[in-house]
Every structure is written in C-alpha cells, then in structure tokens.
Amino acid sequence: MNFFKTLALTTIAAVATASPVMARSSHQAHVALSKAVQSVGISVYVNDSFCDTGNFYGMYSAGAKAILICQENRVKGSTQTVAWTEEDYDTLRHEAHHLVQDCRDGSLNAELASVYKRPIELGYEWLGQDGTHQVAEMYDRQGASGHIQVMEIEAFAVARMNDPAEQVRDIRNFCF
C-alpha cells in the first residue's frame, strides 16, 4: 500500500467549511482526535494516491498502523489536501472508532470488538432503523461477516454522534 507517504496531522489543519466559531471548535476537536489516534502509534494520512484505487472515504488498517482519509472534495490523482467537509470529519470519527474497537482486546491486531453493549440499538438510535439496515446490507453485499456488519453499524453510529472529545476519552480508556 502506497498511502503511507503523507502524514495528516499538519494537513488536517486545513480550512474548515462551517461557520468560523463553530468550525474552529469542531475543527479543534477533530485535531485533538487525530492527535489521540497518533498517540497510539497509528498514523493518519489524507488523500494518498491509494485513494484513487477504490470508491471509499477512508479506512483503518491495524497491520499498517494507519488511518487513511480520502477527502470528499479531493481532486482525483492529487495528494493535495483540500478544505475539510463534514463528511471528512465524519470519516475521521468513523475510522477512529474502528481503532477503539481494535483496542478492546488489548492489542492492535484487527480483531474488532464492540465498545457498546447493544451496537444494533445504538445504530437504530443514531442512524434509524432504515439507516442501520442499509449499512448491514451494504457490507453484506461486499461479503462481510455478520460480526463486521455489526462493527460497521457501531462505527457509523459513533461517527454520527459527532462527539470527538468522547472518542478521545475512549482512545485513552481502551488503547492504553
């Protein structure tokens, strides 16, 4: 994988797209989330050329010790960082939650475990019943196991919660 060339902590400092006061606080919370991810030894990369190999916004790789963010408005074929959108922040939150799921067994070995006792109910609360079923169906079509479908539902729900400070606390609680 080629996406381990561009470190994102500096690029995540790109201009936010919401109102200045709201964007600053939200942006700063996401910078703190990125730093918390990196404190575990996971690199965060933005718009690496690997983004051009598929149709996805991001990924977590325990083996590569990396999170990749493929920005929503990036220019295909370019590794330049663009202004962060809400979708980009959502992707960071989603992938950071996979890190927390990976930390649940005490090691970063890609063995994801649920952080919440009832991840499906969490999905219903934050994604709605239809949204929860859509996530499960999407990953089912890709051949993902039932376990991975549940992990994805939980990660989408946590991202939708939009509470990066809570995610920083989860990283501290579960990854150290």
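The values are calculated or read from the model by the stated rules, or taken from the named source; none is laboratory data. The model shown is predicted, which means the values in this text are computed figures rather than measured ones. With ideal geometry, Cβ positions are generated from the backbone for all residues, glycine too; neighbour counts draw on all protein chains shown. Ligands, DNA and RNA are stripped out before the accessible areas are found, and what is left, the full protein with its side chains, is counted by its heavy atoms. Shrake-Rupley method; radii C 1.70, N 1.55, O 1.52, S 1.80 Å.
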Q.
Among the numbered criteria (1) closer than 27 Å to Cys175 by Cα; (2) open to solvent by 60 Å² or more (accessible area, probe 1.4 Å), which one does Ile69 miss?
A. (2)
Q) Does Arg104 meet the test of being closer than 26 Å to His147 by Cα and modelled with pLDDT of 95 or more? A) no
Q. For Ile153, all conditions in the list (1) within 15 Å of Gly58 (Cα to Cα); (2) β-branched (Val, Ile, Thr); (3) buried (at least 22 other Cβ atoms within 10 Å of the Cβ) hold save one; what is the number of the exception?
A. (1)
Q. Considering only residues of the range 31-52 that are of a type in the set (Gly, Ala, Ser), part of a helix (DSSP H, G or I) and open to solvent by 20 Å² or more (accessible area, probe 1.4 Å), which is nearest to Asp88 (Cα to Cα)?
A. Ala32
Q.
I'd like to check which helices (runs of 4 or more DSSP H) are fully inside the range 62-176 and have at least 3 residues that are under 12 Å from the mean Cα position of the chain (by Cα) and touching a residue at least 24 places away in the same chain (Cβ under 8 Å).
A. 86-103, 146-161
Q: Please tell me if Gly123 is open to solvent by less than 20 Å² (accessible area, probe 1.4 Å), under 21 Å from Arg169 (Cα atoms) and of a type outside the set (A, V, I, L, M).
A: yes
